[in-house]
Amino acid sequence: MKREKDKDTHVIISEVSRKKLKDKKLLISSLAANFAVSAVFSLLYSPMARGGFMTLETLPEAASIFVMLLLVFFLLYSYEKYVTKTLAELKSYLILIVSAFIVLTASIFLQRHVSEFFIPLVFLFLTCAALLNEKSAMYTLFLVSFALLFIILNGGAALIDDDGYSIVKTREVYGVLFNTLCGAVMIFTYKRNYKRINIVLLNTVFGIFITGFAVVYGAITGEFDPLNSLWTTVSVVSSTAAFMLLLPIFERVFNVATDVRLSEYLLLKNPVLKELKEKAPGTYNHSLMVGTLAESCA
């Protein structure tokens, strides 16, 4: 009897030790990925914002952005690990920081070369919501928005005029806020409208709605520009289009089964389902019924 208790205790201790070792490896891997992504963005920042390589004058600015991204990505890790407790492997964390990196890079470039209101934050929310969950997507959205505001107020790409002077413009800040609001509204409708056509229509409507805020802002500040106001709608629609195009790539790279990918498996043209229907029609029909009952229970 005593030997059995000692054996059970040994098994429990071994499981606890294995879990601690796994958590330690996950933390080290996440910190390494955090450092790498933050460093790459900091190195790319000067060419995107200044049109040239990093110099001694731009080094403090890039260093501050690097430290800020380290903090933002670590907050993402802490939230997923200790709040939602959904971070069980490095893949989930990589999805968050890679998506954030793509949106941050695209936002800096588009604000500099296209429009202050062209920021693909909706793409970030849709990608994280599809590959992970809505809570993680919303938290990532607000943290990336904070990072963009920090870069802008720190003397980012959109704050440099034609003469090379750093100036504070409110249009870039409002552009971030408008697109963040549009991404945040998606949380109320995404889960019930995960069909692709519904996502496209809803995002278009939200983009037009947020454009109204841009028009009001222009009327209040006296800087009304119809083209700049329409860029908000263009930003939302193009973000949705990019999400539709890049989602299959993210699914394959990170090996995640989204609603869209699972629906492809249910097509009658699927060779496995076709073979099952021909060779075992009873099993096929039974599987459909069990699947329907399981969906209703869930």
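Here, each number is a calculation from the coordinates, and none is a lab measurement. Please read these numbers as outputs of a predicted model, since none were measured by experiment. FYI the Cβ positions are ideal-geometry reconstructions off the backbone, even for glycines, and counts take in every protein chain you see.
Could you give me the ³J(HN,Hα) list for region 238-248, computed from phi with Karplus coefficients 6.51, -1.76, 1.60 and θ = phi - 60°, whole Hz, x at Gly and Pro?
Per residue, the Karplus-derived 3J(HN,Hα) values read 5, 5, 5, 5, 5, 4, 5, 6, 8, 4, x Hz.
Filter the trypsin sites (Lys or Arg not before Pro) in region 77-130 down to the DSSP loop ones having no more than 15 other Cβ atoms within 10 Å, then list what survives.
On the way: sites: K81, K85, K91, R112; in loops: K85.
Hits after loop and neighbour filter: K85.
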